[in-house]
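Structure first, then comments.
The values are calculated or read from the model by the stated rules, or taken from the named source; none is laboratory data. The structure presented is a predicted model; accordingly, all values stated were derived computationally and were not measured.
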Amino acid sequence: MPTFIANDYLVKDGKVVSPGHEIEITEEQATKLEDKVKDASHSFYTTKEEDGSQPSK
């Protein structure tokens, strides 16, 4: 399933996904969410640190 970055607070599987964090959703879901998500492949946050945290800017 494709990975996207949340641009807004979202809920997936009963859990809140904060802006800037990765979320796995279908292309169809991303299209419906419009600007609330962006493609992770075009983002700075495409990798995680060894401990699973997001890299610092």
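Observations on the structure shown:
- When segment 24-57 is filtered for residues that are under 11 Å from the mean Cα position of the chain (by Cα), among the β-branched types (Val, Ile, Thr) and at pLDDT 95 or above, the ones remaining, listed by number, are Ile25, Val37.
- Per-region count, segment 19-31, residues outside any strand (DSSP E or B) and over 14 Å from Asp8 (Cα atoms): 6
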